[in-house]
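**Q** Could you have a look at this structure, given as structure tokens, before my questions?
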Amino acid sequence: MEPIDMAELKARGPENKVEELRIELYDRVNALGIGAQGLGGLSTVLDVKIHTYPVHAANRPVAMIPNCAATRHAHFVLDGSGPAEFEAPSLADWPKVTWTASKDARRVNLDALTPAEVATWKPGETLLLSGRLLTGRDAAHKRIQDMLEKGQKLPVDFTNRVIYYVGPVDPVRDEVVGPAGPTTATRMDKFVEMMLAKTGLVAMVGKGERGPVAIEAIRKHKAASLIAVGGAAYLVAKAIRKSRVLAFEDLGMEAIYEFEVQDMPVTVAVDATGKSVHQSGPEDWRKRIVELKIPVHAA
């Protein structure tokens with residue numbers, strides 16, 4: 001959580017071994033070409049911090065990935081003087097964010113989607129989804145699995161539909177839904193074969209890459225896996241025009257909702273042939289880094 005100062009460090013040069021190691025790790029990680037959200041690029045990490053303490057070898061931490069928790073913590077002290085009070089941040093302190101779709105983005109009508117159209121999507125392509133979008137996460141998928149194993153009819157028709165891995169937050173004031181960012185897609189990998197083979201589903205939207213089991217199921221059924229922008233739950237929710245619960249209401253935010261979305265931006269992560277942009281993107285950028293002769297800190 002410390003300030004990002006890598007640019008200043010590299011400009012003045014390292015003054016000790018720890019700072020040398022920071023720069024080396026920073027350059028070497030970015031030279032992997034992983035990029036933002038794993039799609040390939042020059043910026044995989046913005047900074048590297050190293051703290052040194054005398055500790056027993058068995059207690060050494062290896063890494064910390066704060067992820068969603070980075071903005072979900074508060075510090076307070078209970079000293080017996082009364083309840084701890086927190087002042088809500090002013091919305092005026094937030095920058096005004098605007099977004100315009102790329103002219104190369106492909107618009108997709110979810111209400112008329114066909115497997116043939118899904119098969120034309122390419123890895124790395126930006127899609128703008130409009131129409132009715134289903135939602136479902138771990139608990140909903142597990143219940144679907146249990147119902148299918150018992151031979152029960154599902155309460156939702158998934159034929160030629162797209163499911164969004166999200167647990168929307170309750171709306172406040174005039175919101176349709178609260179923040180509705182994607183959850184990690186790999187958690188649903190074990191359900192992909194079932195959903196594609198037995199429900200008629202044609203595509204999924206989540207966050208991050210898919211594992212080999214999911215990719216093979218996607219290739220087998222000529223489906224697709226898409227990714228919404230991680231870490232921008234509030235902005236993603238702006239694309240949602242209507243929301244209603246279709247099934248499993250007792251699961252709360254894990255229920256199956258139906259969103260009506262307009263120009264919701266997503267990226268094709270895995271296409272109908274099983275090609276994953278999380279594999280091809282970094283590979284392409286590693287080659288480009290060499291071709292562009294971008295300097296990498298030597299060992």
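The values are calculated or read from the model by the stated rules, or taken from the named source; none is laboratory data. A quick note: this is a predicted structure, and the numbers were derived from the prediction, not measured. Cβ sites come from the backbone with ideal geometry, for glycine too, and all protein chains shown count toward neighbours.
**Q** Applying the selection to the stretch 5-21, what residues are under 31 Å from the mean Cα position of the chain (by Cα) and more than 14 Å from I50 (Cβ to Cβ)? Reasoning before the result, please.
**A** Going through the stretch 5-21, the residues under 31 Å from the mean Cα position of the chain (by Cα) turn out to be 5-10, 21.
Within the stretch 5-21, A7, E8, K10 meet the criteria.
**Q** Which of the residues belonging to the stretch 1-26 are assigned to a loop (DSSP other than H, G, I, E, B) and in contact (Cβ under 8 Å) with a residue 24 or more places away in the chain? Spell out the reasoning first.
**A** Taking the stretch 1-26 as the starting set, the residues that turn out to be assigned to a loop (DSSP other than H, G, I, E, B) are 1-5, 13-16.
Residues satisfying the conditions are M1, E2, I4, D5.
**Q** Sticking with this structure for a sec: In the stretch 98-141, what count of residues is obtained for those that are loosely packed, with under 15 Cβ neighbours inside 10 Å, among the charged types (D, E, K, R) and within 19 Å of the chain's Cα centre (by Cα)?
**A** Of the residues in the stretch 98-141, 1 are loosely packed, with under 15 Cβ neighbours inside 10 Å, among the charged types (D, E, K, R) and within 19 Å of the chain's Cα centre (by Cα).
**Q** Here are V229, V270: which of them is hydrophobic (A, V, I, L, M, F, W, C), closer than 26 Å to T98 by Cα and touching a residue at least 60 places away in the same chain (Cβ under 8 Å)?
**A** Numbers: V270 fails: closer than 26 Å to T98 by Cα.
Being hydrophobic (A, V, I, L, M, F, W, C), closer than 26 Å to T98 by Cα and touching a residue at least 60 places away in the same chain (Cβ under 8 Å) holds for just one of V229, V270, which is V229.
**Q** For D111, only one of the following conditions fails: (1) in contact (Cβ under 8 Å) with a residue 24 or more places away in the chain; (2) closer than 23 Å to G181 by Cα; (3) in the same structural domain as E258 (by TED's automatic domain parsing). What is its number?
**A** Going through the list (1) in contact (Cβ under 8 Å) with a residue 24 or more places away in the chain; (2) closer than 23 Å to G181 by Cα; (3) in the same structural domain as E258 (by TED's automatic domain parsing), D111 breaks only (1).
**Q** Can you tell me how many residues within the stretch 143-165 are in a helix (DSSP H, G or I) and without any contact (Cβ under 8 Å) to a residue 40 or more places away in the chain?
**A** Step one: of the stretch 143-165, the residues in a helix (DSSP H, G or I) are 143-149.
Keeping just the survivors that are without any contact (Cβ under 8 Å) to a residue 40 or more places away in the chain gives 146-147, 149.
The total comes to 3.
**Q** Just to check your reading of the model, which residue among P95, P83 is more than 20 Å from the chain's Cα centre (by Cα), under 19 Å from K238 (Cβ atoms) and not in a helix (DSSP H, G or I)? Give the steps one after another, and end with the answer.
**A** Working: P83 fails: under 19 Å from K238 (Cβ atoms).
Going through P95, P83 in turn, just one is more than 20 Å from the chain's Cα centre (by Cα), under 19 Å from K238 (Cβ atoms) and not in a helix (DSSP H, G or I): P95.
**Q** Is it true that L113 is on the phi < 0 side of the Ramachandran plot, touching a helix residue (DSSP H, G or I) at 6+ places or on another chain (Cβ under 9 Å) and at pLDDT 95 or above? Before the answer, list the steps.
**A** Values: on the phi < 0 side of the Ramachandran plot: yes; touching a helix residue (DSSP H, G or I) at 6+ places or on another chain (Cβ under 9 Å): no; at pLDDT 95 or above: yes.
Judged against the criteria, L113 is not a match.
**Q** Right, here's the next one. Any chance you could count how many residues in the stretch 27-37 are within 22 Å of the chain's Cα centre (by Cα), of a type outside the set (V, I, T) and in a helix (DSSP H, G or I)?
**A** Qualifying residue count for the region: 3.
**Q** Residues K293, K238: which one is without any contact (Cβ under 8 Å) to a residue 24 or more places away in the chain, on the phi > 0 side of the Ramachandran plot and not small (G, A, S)? First the steps, then the outcome.
**A** Working: K238 fails: on the phi > 0 side of the Ramachandran plot.
Exactly one of K293, K238 is without any contact (Cβ under 8 Å) to a residue 24 or more places away in the chain, on the phi > 0 side of the Ramachandran plot and not small (G, A, S), namely K293.
**Q** Only one residue in L201, L246, L196, L226 is in contact with a Pro (Cβ under 8 Å, 6 or more places away or on another chain), in the same structural domain as E149 (by TED's automatic domain parsing) and modelled with pLDDT of 95 or more, so which one is that? Spell out how you get there, then give the answer.
**A** Values: L201 fails: in contact with a Pro (Cβ under 8 Å, 6 or more places away or on another chain); L196 fails: in contact with a Pro (Cβ under 8 Å, 6 or more places away or on another chain); L226 fails: in contact with a Pro (Cβ under 8 Å, 6 or more places away or on another chain).
Just a single option satisfies the conditions, and that option is L246.
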